[in-house]
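A short worksheet on the structure shown next.
The values are calculated or read from the model by the stated rules, or taken from the named source; none is laboratory data. Keep in mind it's a predicted model, so treat the numbers as computed, not measured. Don't worry about glycine lacking a Cβ; one is built from the backbone with ideal geometry, like all the others, and counts go over all protein chains shown.
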Amino acid sequence: MIKQIQKEQNEVEMEIEQSMRGEPAPKKRKEDENREARIQNVIADRGNRSTIDFLRGIAYNLS
């Protein structure tokens, strides 16, 4: 579990460095774009959800 988190952290740091150098962002897969849109919808509807429902909606879309 810790190794996976460290791997993800390294990937994020590399993406940040690439962005700072002015390199274009890598293309997102359609699945990732859809997931991001669903999460944005949950965030936008935050005021109409209880805290537990908000967290459940985020968790559902991350898994």
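Exactly one residue out of 3, 7, 27 is over 14 Å from the mean Cα position of the chain (by Cα) and not in a helix (DSSP H, G or I), and it is 27.
The set of residues in the stretch 30-63 that are surrounded by 12 or more Cβ atoms within 10 Å (Cβ to Cβ), in a loop (DSSP other than H, G, I, E, B) and either basic (Lys, Arg) or at pLDDT below 90 (or both) contains only 49. If only residues of the stretch 10-24 that are in a loop (DSSP other than H, G, I, E, B) and not small (Gly, Ala, Ser) are counted, the one that is nearest to the chain's Cα centre (by Cα) is 24.
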